[in-house]
Amino acid sequence: MEKCLLSVDWDYFIYTKKDNWGSYIENNRSIIDLWYKRYIQARARGVDIKESFQLSSGYDNFWERIRKRFIFEKDIKVYVSDSHAFSYDIAKENKCTTVYLFDAHSDLGYGGLSSLNFEVNCSNWLGKLLKDGLIKKANIFYSPYTTEKPEHFKQFNSIYNIRYCSFNGLNNDIAVSAIHICRSGAWTPPWLDEQFNQFIDALGIPYKMINCPERKWDTENISLSDQIDYLLA
């Protein structure tokens, strides 16, 4: 029986009015400092940055819908991280041959097949799993808010076994060996972290935390020196 990884990106549930808020470089500056920078810049324009983001109500019944289609194995392993790149290691470690991905991005690699020549990162981990022969099939469930389209990845689609799916087209009783939930903090705002934690807890299964630092969002106590540092981020 094939072993499946269910990989869920928190940005699957988040609508943004801007197409390119985040950075592909995942570090402390991109997951917190840049959010303060955006807040300060938006405030200077008289804009509340929170109005640019909307959390889908679908996050609160997601696991209920998942359990209707997927069967969690008795010894299932669950991981939580900030970076989605860990899905590569999780799939490899658990010998998963199929990935079911819920995401606003395909993570196949951007810039064509040559992007798979780089080291594993948050934007190419799924493509790398296919290229390295670690998985045989990728099933991508795009967020309703994605700006991507399957035809953007024609090169990948012609070489690898990739399906772009919907809930309605899913078979029932898909066995899952491992689950990875990632926050993607460079793309998802820190003021929604409480809801992210609620989303994790709603799964109801013990999990292993991998490099997912707590983010504190306090816009009322930003000093002048902090503002300067953030604007230089």
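No value in this document is a laboratory result; all are computed from the given coordinates. Source: prediction; values computed, not measured. Cβ atoms come from the backbone with ideal geometry, glycine included; neighbour counts cover every protein chain shown.
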## Note on the structure
To the nearest 20 debye, the chain has a Cα-centred charge dipole, built from +1 on Lys and Arg Cβ and -1 on Asp and Glu Cβ, of 680 debye
## Note on the structure
With -39,500 (n - 2.57) per DSSP H segment of 4 or more residues and division by the full residue count of the chain, the 222 nm estimate, nearest 500 deg cm²/dmol, is -7000 deg cm²/dmol
### Task
Check cross-link reach from K74 to the aspartates and glutamates: straight Cα distance under 16 Å, and skip same-chain residues fewer than eight apart.
E2, D173
### Task
Give me the angle, in degrees from 0 to 90, between the Cα long axis of helix 193-203 and the longest principal axis of the Cα atoms of the chain, rounded to the nearest 10.
20 degrees
### Message
So for the chain, averaging the separation of alpha carbon pairs under 8 Å that are six or more residues apart and normalising by length, what relative contact order in percent results?
### Response
37 percent
### Task
Could you tally the net charge around N157, taking each other residue with its Cβ under 13 Å from the Cβ of N157, Lys/Arg +1 and Asp/Glu -1?
+2
### Message
5 Å is the cut-off here: which amide hydrogens, built 1.01 Å from N in the peptide plane, fall below it relative to E73, excluding neighbours closer than 5 in sequence?
### Response
V176
### Query
Taking +1 at the Cβ of each Lys and Arg and -1 at the Cβ of each Asp and Glu, which of F70, S87, V99 sits farthest along the dipole of the stretch 43-151 towards its positive end, judged by Cα position relative to the Cα centre?
F70
### Mean-position separation - Cα centroids, the stretch 189-228 and the stretch 133-149, in angstrom
26 Å
## Note on the structure
With S106 itself left out, Lys, Arg at +1 and Asp, Glu at -1 over residues whose Cβ is under 11 Å from its Cβ give -3
### Query
Rounded to the nearest whole Å³, what is the per residue volume of the convex hull around the Cα atoms of the stretch 151-233?
211 Å³
### Query
Using Cα atoms only, what is the angle between the long axis of helix 34-44 and the major principal axis of the chain, expressed in degrees (0 to 90) to the nearest 10?
40 degrees
### Summary
Note, the stretch 172-189: 3J(HN,Hα) by Karplus (6.51, -1.76, 1.60, θ = phi - 60°), whole Hz, Gly/Pro = x, goes 8, 6, 8, 7, 10, 8, 8, 10, 10, 10, 10, 8, 6, x, 6, 10, 10, x
#### Entry: Neighbour-count ranking [beta-carbon atoms within 10 angstrom, fewest first] of T219, T98, T146, T188
T219, T146, T98, T188
### Message
Which residue, Y145, A42, I32, has the largest displacement toward the positive end of the dipole of the chain when charges sit on each Cβ (Lys, Arg +1; Asp, Glu -1)?
### Response
Y145
### Task
Kindly work out what percent of the DSSP beta bridges joining two residues of the chain are antiparallel, to the nearest 5.
10 percent
### Task
Per residue of the stretch 76-83, in order, report the coupling 6.51 cos²θ - 1.76 cosθ + 1.60 (Karplus, θ = phi - 60°) as ³J(HN,Hα) in whole Hz, putting x for Gly and Pro.
4, 10, 10, 10, 10, 9, 8, 8
### Task
Could you run the Karplus curve 6.51 cos²θ - 1.76 cosθ + 1.60 with θ = phi - 60° over the stretch 99-113 and give me ³J(HN,Hα) per residue in whole Hz, x for Gly and Pro?
10, 10, 10, 10, 6, 7, 10, 6, 6, 7, x, 10, x, x, 4
### Task
Could you pull out which residues in the stretch 169-207 have an amide N less than 15 Å from a spot 7 Å beyond the Cα of Y110, following the Cα-Cβ vector?
184-188
